[in-house]
Amino acid sequence: MEQIKDLLDSPFALTALYALGLVLLAWLTNIVTRRVLLRLVRAVTHRTAWRWDDAMLDAGVFKRLAQIVPMLVIQFGIKLVPNVPDSWDIGIQRLAMAMTIVYSFLALSAVFNALESLYQETPHARMRSIKGYVQLVKIMLFVVGAIVIIATLINRSPLLLLSGLGAISAVLLLVFKDTILSLVASVQIATNDMLRVGDWISMPQFNADGDVIDIALHTVKVQNWDKTITTIPTWRLISDSFQNWRGMQDAGARRIKRALYLDAGSTRFLDDEEKKHLRRFRLLKDYLQKKHDELAEWNAALGDPGKVPVNQRRLTNLGTFRAYALAYLQAHPRINHDLTCMVRVLDPTPAGIPVEVYCFTDTTVWVEYEGIQGDIFDHLMAILPEFGLALFQQPSGRDMRIGFGRMGEGVVSGAADARLDSGARDAHNGGQSNT
């Protein structure tokens with residue numbers, strides 16, 4: 001007992017004992033606030049009909065606020081510890097106050113995260129993202145927090161440190177160059193409604209082709225169709241060009257713009273037998289009758305020169321095919337008939353004559369769109385022989401083998417004919433000599 005009494009009478013031991021008690025008290029308050037009060041808050045928030053308190057709880061606002069309590073215990077309890085040097089007392093108070101400021105700013109940052117999550121649940125979130133603005137506010141918040149913490153630790157006014165920022169403004173501009181560019185880009189993107197979460201964009205220079213899944217201050221994330229994710233700096237969306245498919249999605253129609261390349265050598269005028277053959281086509285019946293009357297009137301107006309075929313206007317198999325393809329599109333149930341629909345002939349190329357189909361489907365769903373487009377071109381390619389037309393195709397190995405095989409047959413046949421002719425000449429000459 002006397003040893004314990006002597007130990008308590010020791011200034012160092014008494015200070016250590018009080019310090020240990022202060023640390024134990026701070027630890028107990030931490031347990032009480034985190035395990036008791038937080039559970040109470042969680043139970044209350046789950047029972048209320050408000051959504052904001054749940055968002056605050058999920059963002060960790062109350063958890064950050066609970067961490068302030070032990071720091072306050074240390075900050076004000078250190079004064080009760082005896083025999084602590086003034087320098088230590090002031091230093092521990094400043095350190096505890098700095099930690100209090102840290103957790104306060106973290107709690108405030110969590111508040112902004114909660115506000116963002118609440119905004120994401122509104123219908124406006126798809127139209128315009130505020131994540132970039134929230135990140136900018138948080139950056140400014142952390143900068144101010146860092147200044148206040150440093151001012152607290154060195155016991156100087158925060159305004160004094162802020163006044164010194166002007167001297168290093170050039171360095172700050174260099175450090176925050178990307179942040180400033182991204183801020184300007186975010187403002188322009190939001191103001192001009194250039195991009196939204198869920199938009200399908202294409203940016204070949206970044207190999208990006210897919211849906212926008214996140215718009216932040218510094219980056220925009222695009223999930224490509226192969227499920228990879230491309231991260232694009234926000235300011236590059238302003239400095240570079242990109243294609244946004246939102247207009248197509250809003251219109252509810254997707255364009256088909258594809259050409260069939262026809263063999264130029266297969267185009268010709270139609271004779272009467274072919275016209276009679278094509279009249280079997282339901283889609284061409286009205287067209288052929290109308291063109292027959294129109295051409296007959298035109299050619300009759302020419303008089304005698306109109307009786308010569310070279311002076312006449314006549315139907316071609318290519319023009320009739322274009323009319324059939326257009327009628328087929330106009331009768332197709334999956335084509336949007338309120339938008340442009342046409343079949344046109346483009347400039348001839350070394351690969352043949354392009355006949356382009358230009359129309360819009362009534363859906364923007366990728367799989368359905370490809371199915372409709374495939375069915376249309378399957379039908380058009382399969383029906384070309386009915387018009388005496390053929391697709392242009394580069395010679396394949398099979399074509400070369402067939403061609404060389406026919407050439408070989410011709411050479412063999414020519415050699416046999418030559419031998420027969422030679423034998424006939426010899427017989428004729430021999431007969432003359434015998435006579």
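The values are calculated or read from the model by the stated rules, or taken from the named source; none is laboratory data. Note that this is a predicted model, so its numbers are computed, not measured. Neighbour counts run over all protein chains shown; Cβ positions are idealised from the backbone, glycine included.
Things worth noting here:
- Where helices (runs of 4 or more DSSP H) fall entirely within the stretch 256-331, those with at least 2 residues that are touching a Lys or Arg at 6+ places or on another chain (Cβ under 7 Å) are at 285-301.
- Residues of the stretch 46-89 that are touching a residue at least 60 places away in the same chain (Cβ under 8 Å), surrounded by 12 or more Cβ atoms within 10 Å (Cβ to Cβ) and either part of a helix (DSSP H, G or I) or within 48 Å of the chain's Cα centre (by Cα) (or both): Arg51, Trp52, Ala55.
- Unmet criterion (only one of (1) surrounded by fewer than 19 Cβ atoms within 10 Å (Cβ to Cβ); (2) in contact (Cβ under 8 Å) with a residue 12 or more places away in the chain) for Ala325: (1)
- Of the numbered criteria (1) exposed (fewer than 14 other Cβ atoms within 10 Å of the Cβ); (2) over 30 Å from Leu384 (Cα atoms); (3) in contact (Cβ under 8 Å) with a residue 60 or more places away in the chain, the one Lys257 fails is (2).
- Check on Thr349, at pLDDT below 95 and touching a helix residue (DSSP H, G or I) at 6+ places or on another chain (Cβ under 6 Å): no
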